[in-house]
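Engineer: Before I ask anything, let me first share the structure, which is written out below as C-alpha cells.
The values are calculated or read from the model by the stated rules, or taken from the named source; none is laboratory data. Computed from a predicted model, the values in this text were never measured in an experiment. Glycine gets a Cβ as well: all are built from the backbone with ideal geometry, and neighbour counts include every protein chain shown. SASA here: full protein model, heavy atoms, side chains in, ligands and nucleic acids out. Shrake-Rupley method; radii C 1.70, N 1.55, O 1.52, S 1.80 Å.
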Amino acid sequence: TSVVQARTEAKLYEENAILQLRNAGYRITMPRVQVIRALAETKTALSAYQVHEKILTGGGMIDVVSVYRILSTLRDLGLILRVTLTDGFFPRRRRPWPCGRPVVSAGPCAPRPNRMGPRWFPSACWRW
C-alpha cells in the first residue's frame with residue numbers, strides 16, 4: 001500500500017509540476033520531465049549531480065548544466081526548495097484537505113551531509 005501511495009504522490013507531483021511549468025509559459029521538454037520525475041520519486045534530498053546520475057541510470061540523456069538550469073526554474077516556480085544546510089533540493093508536494101484548504105506539515109526531510117554539491121529538498125509536505 002505504501003509503495004502504491006508513493007507512486008501516486010510522485011505522479012501527482014509530476015502532473016502538478018508540468019501544469020505549473022505550462023501555466024508559466026515554459027515548454028514541456030523531455031529534460032524537464034526527466035528532472036521532475038527524478039525528484040518526484042525520491043524520499044531524500046538530491047544534489048544536482050545525484051539528479052543527473054539518476055537520470056543517466058534510468059536511460060535518459062542530459063548534462064549537468066541543464067540539470068542546474070532546470071532546478072533553478074523549478075525553484076523559481078516554487079516547485080522545489082533549496083536547503084542551504086545540505087545545499088540540496090527536493091520536490092514540494094501539495095495536497096489540500098477535501099474542503100480545499102491547504103494543510104502544511106513537516107515532511108520526512110532529514111538533512112544529511114553531502115560531498116556531491118547542492119541538494120534539492122522539499123519545503124513542506126502536504127497531507128490529508
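Engineer: Would you please give the residues with an amide H less than 5 Å from that of Gly88, counting only those at least 5 places away or on a separate chain, with H modeled from the backbone geometry?
Structural biologist: Here the answer is Val83, Arg119, since their amide H atoms fall under 5 Å of that of Gly88.
Engineer: Calculate the FRET efficiency for Val3 and Arg69 from the Cβ-Cβ distance with a Förster distance of 30 Å, rounded to the nearest 0.05.
Structural biologist: For Val3 and Arg69, the calculated efficiency is 0.40.
Engineer: Computing the accessible area with a 1.4 Å probe over protein heavy atoms, can you report the carbon and sulfur percentage for region 1-57?
Structural biologist: On the way: 1780 of 3340 Å².
Answer for region 1-57 is 53 percent, counting heavy atoms of protein chains only.
Engineer: What does the accessible area of Val3 come to, in Å² to the nearest 10, when a probe of 1.4 Å is used?
Structural biologist: Approximately 90 Å² of Val3 is accessible to the 1.4 Å probe.
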